Amino acid sequence: MAFNSLIFLIFFAVVLCLHNLPLTWRAKKLNLLAASYVFYAAWNPPFILLLWISTLTDWYASRKIFTATGNTKRLYLVLSILVNLGMLGYFKYGAFIEENFAALLQLFGVAYVARDSSIILPLGISFYTFQSMSYSIDVYRGKQRLCESWLDFSLYVSFFPQLVAGPILRAGFFLKQLADDYPARVSQFGWGFALITVGMFEKVVLADGLLAPVVEKVYASSIEASGVDGWIGTMAFAGQIFFDFNGYSVIAVGLGCCLGFNLPWNFLSPYGAVGFADFWRRWHITLSTWLRDYLYVSMSGNRVSTARTFINLMLTMLIGGLWHGASWLFVLWGGVHGILLVGERLLRSHFGGSAMFQSSSATFLLGLITWLFICLTWVLFRAESPASAAHLLGAMLSLQGGASLVSMTDILQVALVVGALLVIHGTMRDRDFEQTARNLSWPLTGLILAAMLIAILLSPGEERAFIYFEF
Amino acid sequence: MRSSTSNSDVGHRKWVRAWLLAACLVVLVIAAWEGTLRQVGLEPEYSDNRALWLSARHRLSQPDESVVAILGASRVQRAIDVAVLSERTNRPVVQLAVEGSSGLPVLENLAADPRFRGTVIFSIAPAFSFNRRLSKVGKGPQADWTSAYLQQSRSRRMEQELRLFTQGLFAFRSADGAISRTIPAIIDAGKLPGPDYKTTQRNRFVSVDLSQLNRDNDQNDIVDMYRQNTEAYDQKGFAEILHYFSTLVDILKSKGCRVYVLRLPSEGLVLDYERQLFPQDKFWKQMQRQLDAQFIHFEDYPELEGYLSADGSHVAAGKASEFTGRLASILTASGL
């Protein structure tokens with residue numbers, strides 16, 4: 001059940017009505033848990049078992065971790081990690097591992113043919129396994145108190161607004177919100193529905209309506225793209241993936257708000273970033289902080305030698321890339337970001353204090369350079385194959401040929417939408433979105449919401465899945 | 001980490017007023033736009049796309065021996081007015097033909113579906129039915145849509161029906177009224193465009209008004225398209241496809257289904273091309289020998305002639321009802 005579907009609107013209306021009935025807090029939480037399971041099962045009912053396995057494993061393992069000591073404690077943590085990563089590994093990477101194993105054997109002259117795998121990737125498995133596992137790790141580290149309520153823990157793992165594509169929650173952040181009933185106030189409903197409208201506008205109008213067709217013209221074409229095609233298609237994809245994923249995340253936050261919950265932002269004007277470290281503090285924040293806290297820090301982060309810090313950084317980014325999908329292109333994408341982060345650290349250590357880089361014009365220039373590099377890395381993320389990625393990057397860097405796949409209308413469309421996005425991110429980089437919205441007068445707020453709703457209603461009816469559902 | 005909502009009150013009154021204003025504006029603008037579209041003759045209409053096909057395919061999900069499924073390409077989709085055939089035969093009729101494709105992947109899907117016990121009318125469009133690329137399972141739009149049918153979850157299906165429901169209510173949700181068509185027309189011509197030459201009904205009956213087109217050029221276009229689609233054609237390929245076709249018909253017959261093979265009229269350059277590439281004695285008669293089905297060829301039924309549009313390939317818009325009535329009489333006379 002996608003957020004941009006009519007069936008979801010009906011589903012949410014029913015859940016919201018039930019949630020606002022004069023019931024006990026426990027009954028309301030049971031309603032939310034049942035709704036979350038219905039939401040997940042609507043896609044493919046048998047896969048709800050995986051959600052339950054992850055929930056049960058971490059519920060059980062965390063209790064054992066809490067009471068055990070020494071190696072036993074560690075053993076239960078390993079159990080949680082093995083079960084969660086095992087499920088993720090089988091469903092997400094099983095076919096990929098087998099294909100590469102077959103290719104490796106062929107190198108040594110062993111004829112082994114990988115099975116024609118038809119493993120279906122369970123929706124949201126990359127998100128809920130990470131979320132569930134982080135609880136056990138936090139209990140192991142002594143950072144999280146043991147959750148005494150099975151209902152609360154189950155709802156933490158499967159809360160439907162963020163279940164299939166984040167934001168990835170932390171137990172400490174969410175479980176305390178389940179302790180008591182704080183019904184949403186009128187202003188929260190107003191803000192929550194406004195966020196849902198903004199997210200839908202980003203997804204339906206901007207990502208799907210205006211940018212996706214241009215991206216497909218370039219990336220799904222059998223004709224080789226020119227440099228202009230490559231840049232326009234890639235800039236369109238930079239906009240599409242932001243509006244698609246941020247749209248989903250903003251809707252999730254809005255849904256949570258209507259139900260009286262706070263969910264974390266996943267994006268903070270990422271295309272206004274100056275430098276790659278800044279970009280990762282602003283892009284998919286709940287994943288990058290997860291990787292930082294549970295992977296990078298576990299490898300001792302930057303509390304080791306410079307060379308080892310760089311290795312840790314590279315490994316974190318490579319795994320972060322692989323998290324996005326079973327493809328060498330995602331690994332390469334993560335690797336390139338790792339190199340950019342390492343390079344930036346080196347440059348900062350030599351020139352970071354220079355006054356030359358503190359001026360506003362230098363900040364603007366560095367921001368633009370950051371964005372252009374980010375765009376180039378999106379080619380690896382979106383391309384259908386390494387060969388087409390190499391061709392596109394070659395064409396973009398050499399700027400060879402005029403537009404052959406995209407029309408002048410496409411170019412203007414992308415320039416307008418992506419240009420506006422960059423201006424907004426540039427001006428909003430140090431400002432709070434909620435604060436800005438709060439400062440708008442009610443007539444202006446009403447006009448903006450009306451314009452967005454009209455655009456959503458008049459957009460073509462074809463339903464496209466959210467890009468991050470594939471991850 | 002910043003949280004999405006602070007506990008501070010953003011302002012009850014502000015949000016109530018803003019949302020009331022937004023709701024009023026949305027209702028006013030949408031109602032005005034809908035009214036304007038209807039004034040220029042645009043009505044709620046459906047798009048002949050995958051969602052509509054899947055919705056039709058799901059109508060065969062319940063075992064019903066009386067149901068009639070129509071398979072083929074655009075020729076049969078435009079020739080048979082589903083409502084008329086249903087009324088004349090007193091049977092539910094489901095249109096599953098897809099423009100520019102072979103019906104064989106769908107025939108295989110029906111053969112494999114244990115719930116399907118009805119009648120199949122398989123329309124032969126020589127350029128598509130015997131095309132090695134389109135007729136194989138896993139290739140072409142009918143194969144893609146069949147695969148989507150097999151994978152569609154219940155919630156996806158509900159969503160699809162809801163979307164079709166809203167399409168049937170509002171002109172602005174239809175292909176003719178879509179802003180991707182209307183806004184460029186307003187920019188170019190300064191006015192809203194009228195209805196498109198193609199209309200699709202909820203039951204997938206498609207009507208195309210080609211009356212404005214030049215007869216010769218139009219037939220040449222059709223022949224050129226056929227030529228492109230028959231590049232991969234050869235006698236050996238035909239034998240393979242026919243064998244496969246025959247196997248599927250046998251499976252359907254073993255379930256108690258009935259199969260009609262239908263050759264709809266064509267004329268002029270199109271008929272010349274079809275006769276040249278698919279001579280009757282080699283193809284039609286070969287099919288009659290090999291397939292355990294009932295055959296209806298337009299040349300054996302003079303009452304089916306005289307209904308074609310300028311393209312020499314499709315029944316003209318406005319004549320489909322009468323044509324369907326004649327075809328229904330032939331079908332009922334042969335036991336349907």
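So here's what we get for this one:
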item	result
Members of the stretch A:221-261 found to be assigned to a loop (DSSP other than H, G, I, E, B) and out of contact with any Ser or Thr (no Cβ under 6 Å at 6 or more places or on another chain), listed by number	A:Ser221, A:Ser222, A:Ile223, A:Glu224, A:Ala225, A:Leu259, A:Gly260, A:Phe261
Residues being of a type in the set (Ser, Thr, Tyr), surrounded by fewer than 18 Cβ atoms within 10 Å (Cβ to Cβ) and closer than 21 Å to A:Phe243 by Cβ - total across the stretch A:425-447	2
Condition met for B:Glu87 (surrounded by fewer than 24 Cβ atoms within 10 Å (Cβ to Cβ) and in a loop (DSSP other than H, G, I, E, B))	no
Pairs where the first residue, in the stretch A:190-217, is within 13 Å of chain B (Cβ to nearest Cβ) and the second is among the aromatic types (Phe, Trp, Tyr) and part of a helix (DSSP H, G or I), C-beta under 8 Å, 6+ apart	A:Gly190/B:Trp15; A:Gly190/B:Trp19; A:Trp191/B:Trp15; A:Phe193/B:Trp19; A:Ala194/B:Trp15; A:Gly199/A:Tyr248
Restricting the stretch B:21-79 to residues that are of a type in the set (Asp, Glu) and within 30 Å of B:Asp311 (Cα to Cα), the residue that is nearest to the chain's Cα centre (by Cα)	B:Asp48
The one condition in (1) over 17 Å from B:Phe130 (Cα atoms); (2) part of a helix (DSSP H, G or I) that B:Ala310 fails to fulfil	(2)
Pairs with Cβ under 8 Å, 6+ apart, first in the stretch B:10-25 and within 7 Å of another protein chain (Cβ to nearest Cβ) and exposed (fewer than 15 other Cβ atoms within 10 Å of the Cβ), second at pLDDT 90 or above and in a helix (DSSP H, G or I)	B:His12/A:Gly190
Wholly enclosed helices (runs of 4 or more DSSP H) of the stretch A:386-462 bearing at least 1 residues charged (D, E, K, R) and out of contact with any strand residue (DSSP E or B) (no Cβ under 8 Å at 6 or more places or on another chain)	A:408-428, A:433-439
Enumeration of residues in the stretch A:236-276 that are aromatic (Phe, Trp, Tyr) and under 30 Å from A:Ile339 (Cβ atoms)	A:Phe237, A:Phe242, A:Phe243, A:Phe245, A:Tyr248, A:Trp265, A:Phe267, A:Tyr271, A:Phe276
Hits in the stretch B:26-48 (condition: more than 26 Å from B:Phe205 (Cα to Cα), surrounded by 15 or more Cβ atoms within 10 Å (Cβ to Cβ), more than 7 Å from chain A (Cβ to nearest Cβ) and not aromatic (Phe, Trp, Tyr))	B:Thr36
Considering residues of the stretch A:62-117 that are surrounded by 13 or more Cβ atoms within 10 Å (Cβ to Cβ) and basic (Lys, Arg) only, the residue farthest from A:Lys143 (Cα to Cα)	A:Lys92
Of all residues in the stretch A:171-189 being crowded, with 21+ Cβ neighbours inside 10 Å and more than 9 Å from every other protein chain (Cβ to nearest Cβ), the one that is nearest to A:Met133 (Cα to Cα)	A:Ala171
Some residue of the stretch A:262-275 being within 13 Å of chain B (Cβ to nearest Cβ), within 25 Å of A:Ile137 (Cβ to Cβ), part of a helix (DSSP H, G or I) and of a type outside the set (Phe, Trp, Tyr)	no
Filter result (outside any strand (DSSP E or B) and β-branched (Val, Ile, Thr)) within the stretch B:184-213	B:Ile186, B:Ile187
Conditions (1) in contact with a helix residue (DSSP H, G or I) (Cβ under 7 Å, 6 or more places away or on another chain); (2) modelled with pLDDT under 95; (3) within 22 Å of A:Ile285 (Cα to Cα); (4) not hydrophobic (A, V, I, L, M, F, W, C); number of the one not met by A:Gly199	(2)
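The values are calculated or read from the model by the stated rules, or taken from the named source; none is laboratory data. Keep in mind that this is a model prediction, so the values were computed, not measured. No Cβ is skipped: glycine too gets one built from the backbone with ideal geometry, and neighbour counts run over all protein chains shown.
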